[in-house]
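Below is one structure, written out as structure tokens; comments come after it.
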Amino acid sequence: MAALTVVVSLGLGLTACGADTAQPPAADEKPGTGTTAAPPSKQAWQAPQSCTGLTLEPGATLDGTPLGQCVSEALSSHGSGKMHITADTYGDVEFTYDPAYNFQGELTGPDGPVTMVFLDGTMWIDQGDGPVKGDEDSDDPQEQLVAATGELYRVFSDVTYTAEMVRSQPVWKVDDAKDTIELPNGETAEPYRITSDGAFTWNGFPVKDFVLWFAEDWTPVGDQAPPHLTPGPSRPAPPPKTPAEPGPPTPGPGNTTVINPPRAHR
């Protein structure tokens, strides 16, 4: 696996993001690149009660437990989002909650294009030689690495993990002034920045800080994780590969992930 430090901003989804939905492979096929566009929702989005009951204003202090519930419901209600990778391996990873978590991405790495599909709990990566299925219990180190890569991307975009991290920190602070976020379409949003009040531990991993961005109506705009999380909350990373063996891509330095524009900016 490429030796990249993990610096990630988590993508939080909106129904109108236009993310494609990966289709399950036929029984005798491996997943390919074919997709079907999900239709945009025509119903106006409303923030869940778990969010509207919280105080979102400059200088406010929020409790991690109810905030985690808000994050979980707000993100899953939007249905999809995008994680934009800007590192040695770069490109977009689009993910959905429909209701299960899946993602797919077309990336460009030092050795060429990389296609990733996480579908029904299984990770597939194609680096030009055909899809490799991830299997953490496999004797094949490459299949172990593919499985670990799937867990790594899940940590950075799965709403379940995001909410767990938020609940792990008891106190969160809303900045005294709104922040400015550049969106993938080039527009700019001015959401509230909510920051963890000091370092905390999540599933045994130290988290130096964690940032959430929400619009004033609790539309999720983005979030950012620290640079030292490891591949998955409960699984150890597989044995390292030798330098001669190329491995699957991992999120790396400079990653920036925000969701699609809040409704006010569409």
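The values are calculated or read from the model by the stated rules, or taken from the named source; none is laboratory data. Everything quoted here is computed from the prediction, not taken from an experiment. Cβ: placed from backbone, ideal geometry, glycine included. Neighbour counts: every protein chain shown. SASA here: full protein model, heavy atoms, side chains in, ligands and nucleic acids out. Shrake-Rupley method; radii C 1.70, N 1.55, O 1.52, S 1.80 Å.
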Of those in segment 86-95 that are modelled with pLDDT of 80 or more and open to solvent by less than 20 Å² (accessible area, probe 1.4 Å), the residue farthest from Arg154 (Cα to Cα) is Gly91
Just checking, does segment 137-154 include any residue being in a loop (DSSP other than H, G, I, E, B), within 20 Å of the chain's Cα centre (by Cα) and without any contact (Cβ under 8 Å) to a residue 60 or more places away in the chain? no
Scanning segment 116-154 residue by residue, the ones that are closer than 19 Å to Gly81 by Cβ and touching a Leu at 6+ places or on another chain (Cβ under 9 Å) total 2
What is the residue count in segment 121-136 for residues that are crowded, with 20+ Cβ neighbours inside 10 Å, in contact with a Ser or Thr (Cβ under 7 Å, 6 or more places away or on another chain) and part of a strand (DSSP E or B)? 2
Tell me yes or no: at least one residue of segment 74-85 is among the β-branched types (Val, Ile, Thr), modelled with pLDDT under 80 and surrounded by fewer than 18 Cβ atoms within 10 Å (Cβ to Cβ). no
Against the conditions (1) open to solvent by 40 Å² or more (accessible area, probe 1.4 Å); (2) modelled with pLDDT of 85 or more, where does Asp98 fall short? Just the number, please. (2)
Exception for Phe118 within (1) in a strand (DSSP E or B); (2) within 16 Å of Asp158 (Cα to Cα); (3) open to solvent by 20 Å² or more (accessible area, probe 1.4 Å) falls at (3)
Kindly indicate which of Leu10, Leu62 is surrounded by 17 or more Cβ atoms within 10 Å (Cβ to Cβ) and at pLDDT 85 or above. Leu62
